[in-house]
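What follows draws every value from the coordinates through simple rules; no lab data is involved. The structure presented is a predicted model; accordingly, all values stated were derived computationally and were not measured. Note that each Cβ is placed from the backbone with ideal geometry, even for glycine, and that neighbours are counted across all protein chains shown.
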Amino acid sequence: MGKPERSAGDGPRNGRAHRGDDMRRLNTAAVMKHVFSHPGLSRSEIAAELGLSAASVTNITSTLLEAGLLRALPSPVGAQGRPRVPLEIDTQSSLVLGIHLGPRTSGVVLMSLDGREQASVLVPHAGKDPGESIDLVVAAAQRLMAEDATGRQLLGTGIATGGIVDRPAAVIIDNPGAGWRDVHVMDLLGGRLPCPVIVENNARAAAQSELLYGSGQRTNDFVLMVITADIGSVMVADGRIRAGFSQTAGQIAHLRVSDRAVRCSCGKTGCLMVMGSDDAVAVEAVRRGLGQVENIDHVLELALEGNELAIAVLEQRNRYVARAASQLIDIHDPELLVVAGTPAETPAVFASLVAEVARTAHGGAGAAGRVVLSSDHIFSLSLFAASTMVDAVLADPLAHAHSEGPSGL
């Protein structure tokens, strides 16, 4: 397709002012990002750290305050001289909408700019085609906004789903889990959700969330694996999310991780998809005689209760994931390999994953020491979807504050 790579680092980097035709827009983004990363700074401190004039920062912050993107905190008690007014991101006036389009159930969330869930709902749509599924999701989103977003501006909508997604075109090229191909999301939405709308792949949305709220606070050089019913990975280098030449980077579902003759839909055997996905865990649990297991949630519940067979199934799954992780570490040599998804919900068996990386990665124990669980807020693909819109707001706050979308609120 030849689409340009999407970058999470579009716009100004923290700590740098900009000059040029877009100076005001870029400097506004620089101020917004700086307050996001360093809450509690005053205007004079922001100006000094970004190298901008005090007058410019005053004008910019006044605009952002009026737009409901920043808010002023009370001045410190007992301060001498001119009152120092700390600033932070406004988490009350503005929200973003996040939607995870799942194969059988979708999640809808209203999220504040600090990454916190304000309200959410699950929407079952098993067996529905893309149009019917999206209609159900839109109706649920509209009810959620009417009930929980009254009087607050909605800055836009982030949508994420599994499989191959062309973000610039907003097209789901292939979502094998849902059986969807060539889905033109914007046509099906018909302008019924707050604009702008971003359509992204699950793993890249998770990486964006990790950059904003998780391991990105520690490093901007990592590889993220998302292990759920869908499987994917993302390389983040210098804060930039690599989508790839044809928007398909990070497709690890068909890496061979086992010699067992478990056949995959791709025609091969032993793929990560059929050995390490959530559905694979449920199938393996039944094969081992765990009982009436319908999905991975049952396995997780049994493991938390101390069921040894459930724990063994999850540990084996982690070893399969680790073999794929070892390949990613050997190829990309990231500072961190971050694991998100259901393995992050079972930290008690995470040691099995780390031990297998130590055994199979070229770097051995040194490589294993770089493997961490997602440090993001509570795992939610809907929150990850919403984070793509937060990133867009940070990159161009004035465009979003003044954009006109169908919030109806």
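Worth a mention:
- Proximity of backbone amide H atoms, modeled 1.01 Å from N, is registered between Val371 and Leu337 at under 5 Å, excluding neighbours fewer than 5 places apart on the same chain.
- The 3J(HN,Hα) values that the Karplus relation (6.51, -1.76, 1.60; θ = phi - 60°) gives for the stretch 258-274 are, in residue order, 8, 8, 5, 8, 8, 7, 9, 5, 6, x, 8, 10, x, 5, 4, 4, 8 Hz. Gly and Pro appear as x.
- For the stretch 217-373, share of DSSP beta bridges that run antiparallel, in % to the nearest 5: 55
- Between the stretch 255-298 and the stretch 106-175, the Cα center-to-center distance that results, in Å: 29
- Rg/Rh for the chain (Cα atoms only, Rh after Kirkwood) is 1.00.
- DSSP assigns beta bridges within the chain; of those with both partners inside it, close to 60 percent run antiparallel.
- Scanning residues 5 or more positions from Thr105 or on other chains, those with amide H under 5 Å from its amide H are His125, with H placed 1.01 Å from N in the peptide plane.
- FRET efficiency estimate (nearest 0.05) - Cβ-Cβ, Leu73 to Arg288, R0 60 angstrom: 0.60
- By the count of neighbouring beta-carbon atoms within 10 Å, fewest first, Asp148, Asp396 end up ordered Asp148, Asp396.
- Sequence of Tyr213, Tyr320 once ranked by neighbouring C-beta atoms within 10 Å, starting from the fewest: Tyr213, Tyr320
- Shown for His332, His125, His400: other C-beta atoms within 10 Å of each C-beta, ranked fewest to most, produce the order His332, His125, His400.
- Here Asp148 and Asn59 are evaluated by their C-beta separation; at R0 = 41 Å the FRET efficiency comes out at 0.80.
- Potential extension, Gln251-Ala237 segment - 0.36 nm per residue separation minus Cα distance: 3.3 nm
- Here the contact order of the chain, divided by its residue count and restricted to Cα pairs under 8 Å and six or more residues apart, works out to 19 percent.
- Computed [θ] at 222 nm, helices only, for the chain once each DSSP H run of length n ≥ 4 contributes -39500 (n - 2.57): -11500 deg cm²/dmol
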